[in-house]
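Peer 1: I'd like to ask you about the structure that follows.
The values are calculated or read from the model by the stated rules, or taken from the named source; none is laboratory data. Here the structure is a predicted model, which is why all the values come from computation and not from measurement. A quick note on method: Cβ atoms are made from the backbone with ideal geometry, for glycine too, and the neighbour counts reach across all protein chains shown.
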Protein chains: 2
Amino acid sequence: MRVAVDLLGGDHAPREIVLGVAEALRSGAFVAEELLLVGPSSSTEALLREEGIETLPEILHTESVIAGHEKPVEALRAKPDASISLCVGAVRNGAADGLVAFGNTGAAVAASTMGLGLLPGIRRPGIAVSMLGRNGRFLLLDAGANPSPKPQHLFHYAVMGRAYAQNVLGKENPRIGLLNIGGEASKGNEVMKQAYTKLEESTLPFVGNVEGNQLFSGAADVFVADGFVGNMVLKVVEGFAEYLVGVAGEAGDDSDLRNLLRKLLGASDFSEVGGALLLGLNGAVVIGHGRSRANAVLPALRAARAEIEAEVNRHIVEDLATANPGPDEVAPTA
Amino acid sequence: MRVAVDLLGGDHAPREIVLGVAEALRSGAFVAEELLLVGPSSSTEALLREEGIETLPEILHTESVIAGHEKPVEALRAKPDASISLCVGAVRNGAADGLVAFGNTGAAVAASTMGLGLLPGIRRPGIAVSMLGRNGRFLLLDAGANPSPKPQHLFHYAVMGRAYAQNVLGKENPRIGLLNIGGEASKGNEVMKQAYTKLEESTLPFVGNVEGNQLFSGAADVFVADGFVGNMVLKVVEGFAEYLVGVAGEAGDDSDLRNLLRKLLGASDFSEVGGALLLGLNGAVVIGHGRSRANAVLPALRAARAEIEAEVNRHIVEDLATANPGPDEVAPTA
């Protein structure tokens, strides 16, 4: 098991990412052989040694990076040695089983999708985030890889999410809900109605449509969403949490209060669980927040390892074969 | 100025709604002539007298109600004397200037749209909710009236929202943002891109796309959203707030903490401001939560009165004429 780490992406790279790697090694959570670092070799080596690390992981040297504001596809073409591309290349050629990257999500999604390829039967990758609610951890996907999905893509997200929830989150029989704006089968737009039918007819443990206010109440373990809606939901929760922490901080000098609120909110902060997972590809891909600091690195590494060791991709492919998804391709709509 | 009140809709009707009306009268916030009650006349009269109200508002008698689970259009057809229909009729024939209803949102939207008709130039009504963020109150619309809007509908929502924010929320020059999943003009689906162009080319104070995490940070005063997304956002915030209050309650016996959290969250609870506003129709329509209790009635009545007295509808029609919306109808898309 080996994870490639993009040292160059994100607002505080490479220093904070390297410090995070140092902590992962120093704590014994990871050993050097489990990591393949991708970034500037001599400065990384120096910083790791300064941090007391004796056995260094292999470092794949590059100084080329795709910044947060760059257009993914154009930038990937213009920079063949970009750190994210080298990470993807390492997974493709078997030097690593998965990768962890911070920063430009679009570039990470594009590079991974083009470089790793889709799992057999899957048509689109999906971004999954895990958050904490009434019933423990739950999974929301797609959180933005695919803003205009077809019903079949949503069906595939259900299969992917279930495999992850079962094998990594430890849910025995994860319940799948379709994130929609009403409970009845007839609710939502055409894509949602067709996705509902597909899920209803499948062998998956589908609990039906779930509404936004049921996300944190434990109504399902896997919430399947259109990527536009899933991304919006994720960001609204993030922004609302930040707002509350800010208001609580200003409301008084009661720092216990603010700390508890932070703790409550931190438990629902997707950066705490190491970032978002890009599921559906040949390899494990974990994408952390662009503003990640050193303390976000170890959770991201753990997330990648957990996905690899649980063989989530093998489960997705096997489950897809038995989930009885109906016709392989939806009828062309307009 | 007179507001029709549906006494029969909602989980705790009619008793809690009548108690709320009693409080509105007893406190002096409203006088009897300003209200037209629609519901069971004798029991309402008895309860109001029991509550110490001497001068009673006029009561339009009916015992017919559309329950929360009924399909709006069918139910409206089957029950011509439904309380919501009588409220709408009162606004249409001039006996009232607006209405307040709790409960079946779909039925209230359908009855109002069919019975009152759209303002000149407007093609679809929109549900607006006001919430509290970093920059004071802001408006989110559409929150669910129109789950598959055309770009022009979104443009109209911007005009409506601005008129409301300016004339009721007291924002001098309300900034309009388009709730999207990325900042650049090229982000989101086709409808969002076209709506962006329309807003950009208009005379409206458009600040561009805003993301979900900017909702509470004061990035705009009016957030224009697709009804599917707007509804989802509203419900996710509601559910997340409830979840936090619940967790805080269980976290310890520190009731000060829970109370402050409740207060923080209450300020973002749309029921506190009296419900959602259905904008774009000939008349003011305020729709409260189905689970509203007596204390939700006065805020809802105030919201209706504020909208009527500020002549929001006159402003919408005038603003629409000068906002320079581009072609009156979008090119047919597939």
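Peer 1: When you go through (1) touching a Lys or Arg at 6+ places or on another chain (Cβ under 9 Å); (2) at pLDDT below 95; (3) not assigned by TED's automatic domain parsing to the domain that holds B:VAL233; (4) not hydrophobic (A, V, I, L, M, F, W, C) one by one for B:GLY136, which number turns out not to apply?
Peer 2: The failed condition is (3).
Peer 1: Taking the residues in region A:133-146 that are crowded, with 20+ Cβ neighbours inside 10 Å and within 12 Å of chain B (Cβ to nearest Cβ) as candidates, determine which candidate is farthest from A:PRO72 (Cα to Cα).
Peer 2: Residue satisfying both the conditions and the ranking: A:GLY133.
Peer 1: If only one of B:ALA90, B:ALA95 is assigned to a loop (DSSP other than H, G, I, E, B) and at negative phi, which one is it?
Peer 2: B:ALA95
Peer 1: Go through the residues of region A:102-109 one by one and say whether even a single one is over 13 Å from the mean Cα position of the chain (by Cα) and away from chain B (no Cβ under 14 Å).
Peer 2: Within region A:102-109 (the criterion being over 13 Å from the mean Cα position of the chain (by Cα) and away from chain B (no Cβ under 14 Å)), the answer is no, since none of the residues qualifies.
Peer 1: Still on this structure: Among (1) buried (at least 21 other Cβ atoms within 10 Å of the Cβ); (2) farther than 17 Å from A:GLU184 by Cα, there is one condition A:GLY249 misses while meeting the rest; what is its number?
Peer 2: A:GLY249 satisfies every listed condition except (1).
Peer 1: Give the residues of region A:42-61 that are surrounded by 12 or more Cβ atoms within 10 Å (Cβ to Cβ), more than 26 Å from A:VAL88 (Cβ to Cβ) and not acidic (Asp, Glu), sorted by residue number.
Peer 2: Listed by number, the residues that qualify are A:ALA46, A:ARG49.
Peer 1: Considering only residues that are closer than 20 Å to A:VAL109 by Cα and either without any contact (Cβ under 8 Å) to a residue 12 or more places away in the chain or assigned to a helix (DSSP H, G or I) (or both), which ones fall in region A:12-45?
Peer 2: A:ILE17
Peer 1: Next question, about the same structure. Could you check region A:147-167 and list, in sequence order, the residues that are at pLDDT 95 or above and surrounded by fewer than 24 Cβ atoms within 10 Å (Cβ to Cβ)?
Peer 2: Result: A:LYS150, A:PRO151, A:GLN152, A:GLN166, A:ASN167.
Peer 1: Which condition number in (1) among the acidic types (Asp, Glu); (2) touching a strand residue (DSSP E or B) at 6+ places or on another chain (Cβ under 7 Å); (3) closer than 29 Å to B:PRO299 by Cα is the one that B:GLU200 fails?
Peer 2: With (1) among the acidic types (Asp, Glu); (2) touching a strand residue (DSSP E or B) at 6+ places or on another chain (Cβ under 7 Å); (3) closer than 29 Å to B:PRO299 by Cα applied to B:GLU200, the lone miss is (3).
Peer 1: When you scan region B:46-74, how many residues do you find that are modelled with pLDDT of 95 or more and outside any loop (DSSP other than H, G, I, E, B)?
Peer 2: 9
Peer 1: Continuing with this model, one more query. Evaluate region B:113-128: report whether one residue or more is among the small types (Gly, Ala, Ser), crowded, with 19+ Cβ neighbours inside 10 Å and without any contact (Cβ under 8 Å) to a residue 60 or more places away in the chain.
Peer 2: Yes, region B:113-128 has at least one match.
Peer 1: Separate question: Need pairs with beta-carbon distance below 8 Å; first residue over 24 Å from B:VAL233 (Cα atoms) and within region A:197-213, second in a helix (DSSP H, G or I) and among the hydroxyl-bearing types (Ser, Thr, Tyr); sequence gap 6+ or separate chains.
Peer 2: Once the first residue is over 24 Å from B:VAL233 (Cα atoms) and sits in region A:197-213, its partners that are in a helix (DSSP H, G or I) and among the hydroxyl-bearing types (Ser, Thr, Tyr) give A:THR203/A:THR322.
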